[in-house]
Amino acid sequence: MFVPQFSFQVFDHAMARGFQNRFSTQYRCYSVSMLAGPNDRSDVEKGGKIIMPPSALDQLSRLNITYPMLFKLTNKNSDRMTHCGVLEFVADEGICYLPHWMMQNLLLEEGGLVQVESVNLMVATYSKFQPQSPDFLDITNPKAVLENALRNFACLTTGDVIAINYNEKIYELRVMETKPDKAVSIIECDMNVDFDAPLGYKEPERRPPHQEEPTAFTGSGNRLDGKTKGIEPSPAPLAPSDIKRGIPNYDFKVGRITFIRNSRPQPRKIDDAMNRFIAFSGQGQSLRKKGRKP
């Protein structure tokens, strides 16, 4: 009787220690806009962290929880889940405040129940995002903008649609892939980021540039004396119907080349004897009247 009782007590102690190291409870969740107080908490909407009640901090401090504190949020009604970090412990008891985009991923309404469990996630090495609008391409350096926005996030979950704020405009990006696991921690990590084509993006049609055949000597000349030069109009291009085809050579034989010259009528030659020019053929006149020698 003594040995079984001793083994049972050791097993019960190990199980109790395992449950003590796990934080799991349910809260009524509300969006950050419902958070009471004079301070503006719009910064919560720009990240992936939630606000929990002070009792959660007291319970977590009693457990052997590894830092940073990461949590798994589950909506049991819709079987949707995501992961997040914690920003503060200032919420009312039994209530937690979530960013609006996180409530949309979980399909939660105001006052819905969410299960919050503490988890340990692997450090991210790679992630791939798909912008949900082609407007994201208007950003000059999207990787730098995303890197700056992810500083407000603690972890990423494959399938989530996160929201980032840039130049007073909200851009939504779907997490397509994360490595080495489907849920990863991005706190103090060296992560490679890649982008997929935005949703609804269409490649622009590439049209070949219209190239005109160059025409030589198309400029106008100038005279040295300043007078205008008569410029003849350029001849109109010939239409295909104006081009006359020659007569085919029906006696053509393979391997034989025939040179055909145009037979033009020879110009009529004028008698050279009739129009021959003879220099000094006239008769001269003398001013003095001298008798000529016979």
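The values are calculated or read from the model by the stated rules, or taken from the named source; none is laboratory data. Quantities reported herein were computed from a predicted structural model and do not represent experimental measurements. Note that each Cβ is placed from the backbone with ideal geometry, even for glycine, and that neighbours are counted across all protein chains shown. Surface areas here come from the heavy atoms of the whole protein model, side chains and all, with no ligands, DNA or RNA. Shrake-Rupley method; radii C 1.70, N 1.55, O 1.52, S 1.80 Å.
Worth a mention:
- Checking residue 168 against (1) at pLDDT below 90; (2) out of contact with any helix residue (DSSP H, G or I) (no Cβ under 9 Å at 6 or more places or on another chain); (3) within 30 Å of residue 118 (Cα to Cα), the condition it does not meet: (3)
- Which numbered condition residue 113 misses (of (1) open to solvent by less than 70 Å² (accessible area, probe 1.4 Å); (2) closer than 26 Å to residue 77 by Cα): (1)
- Hits in the range 65-87 (condition: in a strand (DSSP E or B) and either of a type in the set (Gly, Ala, Ser) or out of contact with any strand residue (DSSP E or B) (no Cβ under 9 Å at 6 or more places or on another chain) (or both)): 85
- Boolean, residue 85 is modelled with pLDDT of 90 or more and crowded, with 18+ Cβ neighbours inside 10 Å: yes
- Of the residues making up the range 88-108, those that are part of a strand (DSSP E or B) and open to solvent by 10 Å² or more (accessible area, probe 1.4 Å) are 88, 95, 97.
- For the condition open to solvent by 100 Å² or more (accessible area, probe 1.4 Å) and either modelled with pLDDT of 75 or more or under 30 Å from residue 174 (Cβ atoms) (or both), residue 253 qualifies.
Yes/no matrix, rows are residues, columns are (1) part of a loop (DSSP other than H, G, I, E, B); (2) touching a Lys or Arg at 6+ places or on another chain (Cβ under 8 Å); (3) farther than 29 Å from residue 204 by Cα:
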{"position": "143", "(1), (2), (3)": "no, no, no"}
{"position": "171", "(1), (2), (3)": "no, no, no"}
{"position": "175", "(1), (2), (3)": "no, yes, no"}
{"position": "184", "(1), (2), (3)": "no, no, yes"}
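- Within the range 126-180, the residues that satisfy the criterion of being farther than 20 Å from residue 87 by Cα, basic (Lys, Arg) and exposed (fewer than 13 other Cβ atoms within 10 Å of the Cβ) are 143, 169.
- Output for the range 34-64, where each listed residue is of a type outside the set (A, V, I, L, M), modelled with pLDDT of 80 or more, outside any strand (DSSP E or B) and touching a helix residue (DSSP H, G or I) at 6+ places or on another chain (Cβ under 9 Å): 45, 46, 47, 48, 62
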